[in-house]
Each structure stands twice: as structure tokens, then as C-alpha cells.
1. Run Asp69 past the list (1) open to solvent by less than 20 Å² (accessible area, probe 1.4 Å); (2) in contact (Cβ under 8 Å) with a residue 60 or more places away in the chain and report the number of the one that doesn't hold.
2. Do you know which residues across the range 129-148 are surrounded by 24 or more Cβ atoms within 10 Å (Cβ to Cβ), outside any loop (DSSP other than H, G, I, E, B) and touching a helix residue (DSSP H, G or I) at 6+ places or on another chain (Cβ under 9 Å)?
3. Considering only residues that are among the β-branched types (Val, Ile, Thr) and modelled with pLDDT under 95, which ones fall in the range 86-136?
4. Does Arg458 count as farther than 25 Å from Ala76 by Cβ, open to solvent by 30 Å² or more (accessible area, probe 1.4 Å), of a type in the set (D, E, K, R) and modelled with pLDDT of 95 or more?
5. State which residue is least open to solvent (accessible area, probe 1.4 Å) when the search covers only the range 475-500 and only residues that are of a type in the set (A, V, I, L, M, F, W, C), over 18 Å from Pro205 (Cα atoms) and outside any loop (DSSP other than H, G, I, E, B).
6. Of the conditions (1) of a type in the set (Phe, Trp, Tyr); (2) under 23 Å from Ala139 (Cα atoms); (3) without any contact (Cβ under 8 Å) to a residue 60 or more places away in the chain, Tyr221 clears all except one; give me its number.
7. Looking at the range 343-355, which of its residues are under 18 Å from the mean Cα position of the chain (by Cα) and either closer than 25 Å to Gln304 by Cα or open to solvent by 20 Å² or more (accessible area, probe 1.4 Å) (or both)?
8. Of the conditions (1) surrounded by 19 or more Cβ atoms within 10 Å (Cβ to Cβ); (2) at negative phi; (3) out of contact with any strand residue (DSSP E or B) (no Cβ under 7 Å at 6 or more places or on another chain), Leu209 clears all except one; give me its number.
Amino acid sequence: MSGICGMINLDGAPIEPGVLKEMAQAAVHRGPDGIRYHTEGSIGLAHLALNITPEAARERQPLTSERGDLVLVADARIDNREELVRTLWGGGHLPHEPPTDAELILEAYRRWGEGCPARLIGDFAFAIWDARRGRLFAARDAMAMRALYYRVEPRRVLFGTEVKQILAADRVPARLFEPAVGAYLAGPSGHLEWSFYEGISQLAPGHALVVDRSGQRTWRYWDIDPDFRIEYSTEEEYVEHFLEVFLEAVRCRLRSTKPVGIFLSGGMDSGSIASAAGWLLRREELVEDRAFRAYCWAFEELPQSDERHISSGIVSHYGFPVRDVLADEAWPLKDYPAHGPDQDEPWIWPYQALHERTLAAASSEGMGLVLSGSRGDEMVGDWVFDLPGLLRTGQLSTLWSELRAYQHYDGESLGQATTRRLLKPLMLETWPWGAERALGLRRRLRRSEQPPYPPWVRPEFAERIGLAEIVKEAEPQPTMKNHARRMRYELIFTPMHLRGMVWSERSWARYGLSFADPWSDRRLAEFVLAVPQWRIQRVGESKRIARLAMRGLMPEQVRQRAAKIVPTPLYHRALREQARGTVLDLLTGSRAAASGYLDEGALRDYYERYARGELDRPEFWWSLTLEMWLRQHRFTND
């Protein structure tokens with residue numbers, strides 16, 4: 001969307017405008033529509049604008065309240081605008097023009113104070129200087145769609161959308177935070193409030209922050225209500241409710257004054273977004289049809305990875321312009337060190353080069369916003385099935401079919417499938433502690449023998465930072481009792497996926513583009529976690545509820561055939577052949593090994609086994625990207 005940064009001198013010392021400008025310039029790509037500053041005494045705030053929504057073009061941030069006691073900077077798209085306007089101005093005079101998102105946030109804070117973030121639906125990160133209370137208040141959306149980092153020192157507080165903005169301030173050391181490094185090697189995992197730099201924290205999703213002279217305080221302002229349930233008598237009612245929420249999620253993200261693109265594959269995730277967008281564009285005044293463009297990966301050398309035979313049905317049905325992005329030559333580690341990790345963190349996706357080729361194409365064609373279906377698997381897919389729910393509702397015939405389907409997909413016997421997929425979840429729901437002890441004893445014994453991190457991570461480093469406990473503590477902790485709902489919650493809110501949203505938003509921003517994912521709508525998460533999970537999908541019927549909801553929106557042949565095709569052949573070919581020299585270079589004279597983080601020989605042995613085809617899972621990717629990051633950027637503890 002945009003970018004923000006700021007500094008508050010808690011000791012009252014005047015702000016140096018030059019330092020604030022250096023912070024903003026560190027992420028200047030976030031402000032293609034201009035950078036504005038507010039400096040007054042001991043506070044300095046900056047807003048880097050990328051105007052997407054109709055209201056954003058009228059925004060003048062930093063925004064000061066009429067009394068002058070509040071100053072706001074926000075990177076935000078607020079989706080429940082009508083509800084907020086009715087609530088905030090319902091008893092008084094409505095604004096002459098629809099309020100901007102910044103005005104809505106500021107008025108919400110004025111009305112509800114620390115309770116305001118929970119009232120906001122959308123993608124946002126914002127900070128407010130409250131002069132009357134002498135404090136900085138900040139919040140981040142619950143679905144991790146916008147980032148916010150901060151550093152609290154005895155005399156000042158710094159914050160920014162990106163870590164590099166804080167590092168650009170004077171007297172901020174770029175010192176590695178080794179627990180985050182270890183957690184990354186393990187998965188990646190780690191606490192959501194961590195950054196990779198000592199003294200710089202990330203505000204966790206769904207959390208708020210207050211900093212004043214007395215110290216700092218963070219708290220979680222929103223989480224899924226474990227007791228909230230949605231129950232209907234027919235499947236069609238669930239499907240209709242899902243479609244209503246999903247269409248609203250897409251509609252909110254199509255409110256753009258600039259052309260909109262979409263990463264379109266052959267799966268249900270992006271296919272549902274594109275179909276919903278096409279359906280809405282034919283009925284409502286959002287972006288014009290000609291301003292909506294699809295970007296599809298074209299594999300000529302690896303046709304098994306190509307999905308255009310499916311996605312083309314949606315493109316032709318709605319008449320979308322389409323750009324085929326040549327994918328075979330955008331393989332992992334292509335043109336190394338290009339497409340490397342950002343200064344903020346070592347995280348890059350294996351298909352970074354292909355993503356950046358697509359983003360460059362979208363940027364060159366004038367797109368302002370590019371949609372993705374990144375979270376569809378977590379919301380309605382993956383291996384979350386609810387056999388106990390089928391048993392409780394007396395659907396024995398369907399339960400039998402599900403158990404037989406497990407035999408087919410997992411190669412399990414009927415007894416094994418019944419024990420693992422039905423009896424164990426039932427015991428965990430009925431006697432959570434006793435069953436966990438009984439059923440998990442063997443697993444825990446295995447874990448005691450097999451540490452929860454790769455064998456090339458040095459044991460002394462893992463022990464020094466307490467890596468085993470870090471991995472365990474970083475796992476989501478759902479409070480609902482239902483086993484399938486717990487699994488769905490863990491998928492949606494696992495640290496890897498939440499950090500992946502930050503990576504996507506930052507990658508898009510580097511090309512002057514705004515990132516949005518309708519599958520990451522908070523209202524959709526609330527719906528999905530409130531309904532019986534056997535309504536979401538079944539074995540052999542992946543993403544059943546989404547597939548049913550797309551009747552009449554998605555071309556029928558596509559709806560029946562849509563399926564995920566992961567371009568793993570591109571990955572394996574690159575790491576085993578095309579990029580082999582690069583990989584070996586990264587494994588030789590490793591800086592991570594020199595720092596005591598990993599055993600270079602053990603990592604090389606694992607890679608050689610993978611390169612020979614003995615292993616199919618290249619779990620060394622995170623170690624490679626960490627090495628790239630350590631070589632490309634400078635750190636104070638070098």
C-alpha cells in the first residue's frame with residue numbers, strides 16, 4: 001500500500017529532520033505518489049504514499065487532528081468503511097466527502113482509544129502520536145498483511161514499515177539476533193515479535209503497542225473466538241454464506257483507481273479470485289474490465305508445470321487481457337546474487353526469480369495493485385479433515401467413504417486410517433491431556449532422539465540459544481477443543497505463513513505495487529473457523545466449499561478441473577543442475593559455518609545426496625538463503 005516511519009524523542013530533544021528523511025529514503029520505493037513529513041518538537045513522522053483506493057488520493061498524511069493533539073501515519077486499506085461511518089458519525093454531521101482511511105482510523109482512536117484496532121477490518125499498520133497522553137500508540141492487522149517494526153531506547157522510539165528504515169537512523173547497530181537466526185534454520189520458525197536484529201522488534205499480527213516515558217506495553221487485541229459457531233441445516237446455506245464473505249473480500253480489494261493484476265494459476269485459490277473479480281466487474285463499478293489483467297506462468301520446457309490449460313478457461317470466459325510470463329528461465333538462484341534476500345531478513349521464496357519477473361512485467365504495464373491467492377490452502381485446503389464431525393452427525397456412509405479415501409491417498413490400512421484419523425482426534429477432544437500423553441509418548445520419545453532442527457545445525461549453537469524450546473513455543477496455541485478446528489487455526493496462523501505475507505508485501509512494494517490477498521480477509525478466517533470443518537472439505541474433495549461456491553462464477557470445466565500444480569520440476573532442475581555451481585559456492589567457506597551456526601560438511605553431504613536424487617526434499621533452502629543474506633549485507637558483529 002504505502003510505507004510509514006517515525007521517531008519520537010522521549011526526553012523532549014528536538015527531532016533532526018535529516019535523520020527522519022534518511023529513514024524514509026531507506027524505503028523510498030514505497031512512496032511513488034510522494035513522501036510527506038511532520039516534525040514538531042520531539043516528534044517526527046513520515047508517510048510514503050502509494051495511492052490505490054479512491055479515498056487514498058485525497059489523503060494528506062501525516063494526518064493531524066483538529067485539536068492538534070493527535071498525529072497519525074498509516075499504511076492501510078480499511079474494508080468496513082460504511083459500518084465505521086455509521087457508528088462514528090451516526091449521531092452527528094456526516095463529512096462532506098467520504099472519509100479517508102486515515103481519517104477513519106484517527107476518529108476510531110479518538111472514540112475508542114486502545115480498543116480501536118479491534119473495530120477495524122482490513123490490511124493495516126498505523127502509529128499515532130498522542131500528545132495529550134505523551135505516548136505513541138501503534139497497531140497491526142490480525143492477518144499479518146502489513147508489517148510494523150520498532151525499536152525502543154531509553155530516550156527515543158523508532159518505527160517503520162521495514163527494518164532498514166530503523167537501521168538508517170543514527171546510532172542503530174545492525175547486530176544479528178541469533179535466536180531468530182537459529183529459528184530460521186529450523187524451519188523457518190520463531191516468535192512473531194522477533195526481527196533478525198538485536199533491539200528491533202516486529203509488532204505481532206493482531207497486536208497493539210504503547211510506548212511512553214514509563215516504558216512499553218504490547219497486547220493482543222484480537223483472536224478467534226473459540227466459542228463462536230455458525231450452524232445451518234443445509235450445505236447450501238454454508239456455501240451461500242461463504243460466497244457472500246468471499247465476494248465481499250474480493251470486492252474490497254478491487255476498489256482501485258489504478259489497474260489491477262492477478263497471479264493466475266490453475267488452482268482454486270487464484271482461480272476463485274479471478275472468477276469472483278470477473279463476476280463483480282460485470283455487475284458493479286469497480287475497476288474497468290480493461291484495467292484487470294492476468295499474469296500466468298508459461299512453461300515450455302517443463303510442460304508438466306504449466307497450468308494455462310486450466311486458467312485459460314477463466315481468461316477467455318471473462319475476456320481478461322493476459323500476460324504469459326516465461327517461467328523456464330526464471331529458475332531458483334538464477335543470475336545470483338540478483339533476486340537475493342532483502343536487508344530486512346534472509347527469507348526469500350524458492351521461486352523468487354519467477355515472482356520478480358512477474359512483478360516486473362506487472363509494473364511495466366502500469367499495474368498499481370496485484371492480487372494473489374497465497375492463503376487459499378490455509379483457509380480451505382491442506383490436510384484438515386473432520387472425521388469425528390461426520391461421526392457425531394451420524395453420516396456413517398460419508399465417514400466410511402472418507403476412511404477408504406485415506407487408504408488410497410496415504411497407503412494406510414483401514415485400521416491405521418481409523419486409528420489415526422478418527423480415534424486419535426476423538427480421544428484428543430474428549431481427554432485432551434490424557435490422550436496427548438498416551439498417544440504422543442512415542443512421538444515425544446522420537447523427538448528426544450531427533451532434535452526439531454536439521455542435523456547440520458551445530459548442537460552447541462542450538463543449545464546456547466535454546467532452539468528446541470524456541471521451535472516449540474513458536475507454534476500457534478489455539479484454545480478451541482475441536483481437533484479439526486485446531487488444525488485449521490494452526491495452519492492459518494503458523495509463523496511461516498504469517499511471515500510469508502510480510503515477504504509478499506515487501507516484494508511487491510519493491511516494484512511499486514500494492515499487495516492484496518482476498519483469502520487473507522479476517523472475516524473469512526472467522527467464518528472458516530466457526531463452521532464444522534467437514535463442511536470445508538473432504539478427502540478426495542479438496543476445497544469443497546470453495547468449489548461449490550464457484551458454481552455460476554467459474555466456467556464449469558475449470559471448476560471441475562482446477563487443481564494445484566506446484567512447479568517443483570523447475571526447483572529440482574535448478575538446484576541439481578543449473579544452479580549447482582552457485583549452491584556449491586554458497587556451501588564453501590560458509591559465513592554461517594564460520595559464525596558457528598552450522599556444520600558445513602554435514603550440509604554439503606546432505607546437498608550431494610539430494611543432487612544425486614537420493615532425497616526429494618531440499619530442506620537446505622533456508623540455510624542457503626541465510627548464507628546469501630550474510631554475504632550480501634553488513635552487520636555490526638562482523
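1. For Asp69, the failing item is (1).
2. Ala139, Arg140
3. Passing the criteria: only Thr87.
4. yes
5. Ala484
6. Single failed check for Tyr221: (3).
7. Answer for the range 343-355, where residues must be under 18 Å from the mean Cα position of the chain (by Cα) and either closer than 25 Å to Gln304 by Cα or open to solvent by 20 Å² or more (accessible area, probe 1.4 Å) (or both): Ile348, Trp349, Pro350, Tyr351, Gln352, His355.
8. (3) is the only condition that Leu209 fails.
The values are calculated or read from the model by the stated rules, or taken from the named source; none is laboratory data. Worth saying up front: this structure is predicted, and the values here are computed from it rather than measured. Here the Cβ is made from the backbone with ideal geometry for all residues, glycine too, and neighbour counts use every protein chain on show. Ligands, DNA and RNA are stripped out before the accessible areas are found, and what is left, the full protein with its side chains, is counted by its heavy atoms. Shrake-Rupley method; radii C 1.70, N 1.55, O 1.52, S 1.80 Å.
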